[in-house]
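Following: one structure in structure tokens, then a few remarks.
Rule-based calculations on the coordinates, nothing more; no lab input. Note that the structure is predicted; figures quoted are calculated from it, not measured. Because the Cβ atoms are built from the backbone with ideal geometry, glycine has one as well, and the counts that use them run over all protein chains shown.
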Amino acid sequence: MTPVLEAIDVFKEYREGRGETVPVLKGVSLSLSRGEIVSLEGPSGSGKTTLLSILGCILTASSGRIVVEGEEADPKRPARLPEIRKKSIGFVFQQFNLFPSLTALENVEYALNVKGLRNATARKEAERVLDAVGLDDRKHFLPRDLSGGQKQRIAIARALAGRSPILLADEPTANLDSHIGGQILEMFRALAKKEDRALLIVTHDPKVRTVSDRVLQIRDGSIAEDGIAA
Amino acid sequence: MVDLATKSLLHDKLRFLITVSGVAFAVTLVFVQVGLFLGLLDNASITIEHIDADLWVTSRNTPNVDFAHTFPDTQVKRVRSVPGVARADNLIVWFVTMNLPSGAQEGSLIYALDDFSLWNIPWNVMEGDLADLKRGQYFFLDDSAVKRYGPFAVGEYREIMGQRMKIIGRTKHARSFTTTPITFIDFDRAQTLNPQSLQGKTTYILVKLAPGADPQAVKAEIARRLPYNDVYTRKDWAARSRRYWVQSTGIGLNMYITVFLGCLVGIVVVAQTLYTSTMEHLKEFGTVKAIGGGNFDIYRILAKQASIAAVAGFILGALMAYAMRPAITKIDLKLIIPPAFVAIVFAGSVVMCLAAAMISFKKVASIDPALVFRA
């Protein structure tokens, strides 16, 4: 199967105040295909979030290549990176990152507006994904009036909206209790499979393995293990 | 299209109120300061604007309408002979002293003409008939004199330059820049009030052009025939009179400084609240970037928020300025706010707020979208 997202020998170093460089990623390679659900595990400081940022074209690698749907995310063309994010990638964040002044529906619709969808088309798509995550009856609520689980559902709906083939989730269950976290993961998996999306979940949560097709272990900036989930 | 800018701005109502108040304060300050300034300047040329003369002949280098110098009153005959002149009359504008019933002595500015009815001055007669001025020791007094002279009534007497004269009429809205009350007297009688200075003299010649006459050509011809006088169109003479007060008294500089400070306060308040708001919403702006938005999308949000603050602040500020008008009129001042100035202040408010938002633009441009992953 043709991968929708590839990282090829990716290195990333940060420069510290005194001019020293700190290597965070040391030659990471991985690929993700449509309909595939992969969890990325590793201890704190292992480079999980940095890798996720690079895969999502938010950060650029010090060296190596990122290929999204066949197009190389060229760090020399930084103006192209938001376009790639817009077209191909949906994010789910640990802190939900919803706009507090917008209702559930507007949060999703705004993301679609940024992607270029307008008016009725955007509204219809936003309603579709909110319905898919079971929040049809809460679509006019502001985030402050919703529970953590409901907020994460909106965040997932926002990522699903616009049919981006790649979904990147950063610790999506970290702020949820175990029961709700489990429900969210099941729902996320079902929707990703149903809509043939590639889903990469960065996590500490062992439950994520249960919904994954494959598990990647990252340690000290390198992929230590790439295996089928048990 | 979801309006994130407006919703986010109105979400924090207290901050929005502070921002709008900052703009409104600046707008009110500018309106009131400039309005008062224009009101004062209006007094400097109000008689010129109302007198129905196309050209004014003055003595050489007369600085403004109040500070007149004399020249022979026979010059008017030369002016009347210039082709294109329909009518020309002498006008005396002169400072005199008036003895009040209280025993106090006050200054007064007389306007003296042979026939006031031909020149639309005074333009607001409340009581009395101007034609009666020729019949004796009579004068008209403007209502604005009450503040300096105390109450007066038609039929009462006052002493002007030692001559007992009767008030036979009252006018309204005739003022001088120096707030010296204006009295209207017959031309011949005015010459007798101060014979040493005014006998056989005038201070101005008012000129009305014949229909179709070219003002510049007539002006040039009068200037040629009266080489020791100056000739102005009404517009130029009014501008010269106003300019004198602006330049010689420092009120112009005072006005500019106040307007500058008003704008500065507005910019600081708006910049500070927008910047603080931007700092508090960095993660939201980071999210906009993460979901594919660029700096331009965020600039647009900030610019829209600044524009909304500008419009709301302008409306509030303008309403406050207009609400202050009756109180200002009560203390005998004028607040003049021409429509063109309203448009300028509106555009200025928007520019001011956008300039303030640009400080936030810089911060937004440096947002690291990776901050969306931070707890």
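Which value, in Å to one decimal place, does the Kirkwood hydrodynamic radius take for chain A when every pair of different Cα atoms is included?
Kirkwood hydrodynamic radius for chain A: 17.9 Å.
With a 10 Å radius around each residue's Cβ, average the other Cβ atoms per peptide and rank B:308-317, B:321-330, B:6-15, highest first.
The packing order, highest mean first, is B:308-317, B:6-15, B:321-330.
Between B:Q272 and A:A79, what is the FRET efficiency for a Förster distance of 25 Å, r being their Cβ-Cβ separation, to the nearest 0.05?
Details: r = 32 Å, r/R0 = 1.27.
So the FRET efficiency works out to roughly 0.20.
Holding the Cα-Cα limit at 26 Å, pick out from B:K7/B:K362; A:K12/A:K151; A:K76/A:K115; B:K134/B:K235; B:K13/B:K330 the pairs that are longer than that.
Among B:K7/B:K362; A:K12/A:K151; A:K76/A:K115; B:K134/B:K235; B:K13/B:K330, the Cα-Cα distance tops 26 Å for A:K12/A:K151; B:K134/B:K235; B:K13/B:K330.
Going by C-beta contacts inside 10 Å, put B:F341, B:F139 in order with the fewest on the left.
Fewest-to-most Cβ neighbours within 10 Å comes out as B:F341, B:F139.
With a Förster radius of 56 Å, plug the Cβ-Cβ distance of B:S81 and B:D132 into 1/(1 + (r/R0)^6) and report the FRET value to the nearest 0.05.
The computed FRET efficiency comes out at 0.95.
Using modelled amide H (1.01 Å from N, peptide plane; none on Pro or chain starts), what sits under 5 Å from the amide H of A:G90, excluding residues fewer than 5 places away?
HN-HN under 5 Å from A:G90: A:I166, A:L167, A:L168.
Which of B:I315, B:I298, A:S44 sits closest to the plus end of the dipole of the protein assembly as shown, meaning its Cα is farthest towards the positive end, when Lys and Arg get +1 and Asp and Glu get -1 on the C-beta?
The residue sitting farthest along the positive end of the dipole is B:I315.
Counting residues in region B:61-227 as N, plug N into 2.2 N^0.38 Å and put the Cα Rg over that result.
Taking the Cα Rg and dividing by 2.2 N^0.38 Å, one obtains 1.08.
So in the protein assembly as shown, what percent of DSSP beta bridges are antiparallel if you round to the nearest 5?
Close to 70 percent.
Taking 0.36 nm per residue of separation and subtracting the Cα-Cα distance, what length does fully extending B:I344 through B:S197 add?
Extending this stretch completely gives an extra 48.2 nm.
Please order B:W123, B:W245, B:W237 by the number of other Cβ within 10 Å, starting at the fewest.
Ranking B:W123, B:W245, B:W237 by Cβ neighbours within 10 Å, fewest first, gives B:W123, B:W245, B:W237.
Please report the projected area of chain B's Cα convex hull averaged over all directions, in nm². Walk me through the intermediate numbers first.
Numbers: hull surface 100.3 nm².
Across all orientations, chain B yields a mean hull projection of 25.1 nm².
How far apart, in nm, are the 7 Å Cα→Cβ label points at B:D42 and B:K147?
1.3
If the cut-off is a Cα-Cα distance under 17 Å, which lysines reach B:K77, setting aside same-chain residues fewer than 8 apart in sequence?
Of all the lysines, those that pass the test against B:K77 - Cα under 17 Å, at least 8 places apart if same chain - are B:K201, B:K208, B:K219.
When the Karplus curve 6.51 cos²θ - 1.76 cosθ + 1.60 is applied with θ = phi - 60°, which whole-Hz ³J(HN,Hα) does each residue of region A:178-188 get, with x for Gly and Pro?
4, 5, 5, x, x, 4, 4, 4, 4, 5, 4
Post the alpha-carbon centroid distance, region A:188-230 to region A:78-106, in whole angstrom.
21
Figure the gain on full extension for B:N295 and B:M279 (residue separation times 0.36 nm, minus the Cα-Cα span) and round it to one decimal in nm.
Contour length minus Cα-Cα distance gives 4.3 nm.
Length gain on complete extension for the stretch A:H140 to A:D9, per 0.36 nm per residue less the alpha carbon to alpha carbon distance?
On the way: separation 131, 0.36 × 131 = 47.16 nm, distance 4.50 nm.
Between A:H140 and A:D9, full extension yields 42.7 nm more.
Please list, in order, the residues from region B:26-46 whose amide nitrogen is less than 17 Å from a point placed 7 Å along the Cα→Cβ vector of B:V265.
Counting backbone N atoms under 17 Å from the label point, the list is B:26-37.
May I ask for the distance between the Cα centers of region A:44-63 and region B:101-165, given as a whole number of Å?
89
Can you give the Kirkwood hydrodynamic radius for the protein assembly as shown, in Å, rounded to one decimal and based on Cα pairs? Provide the component values of the computation, followed by the final result.
Values: mean 1/r = 0.0327 Å⁻¹.
After inverting the mean inverse Cα-Cα distance, the result is 30.6 Å.
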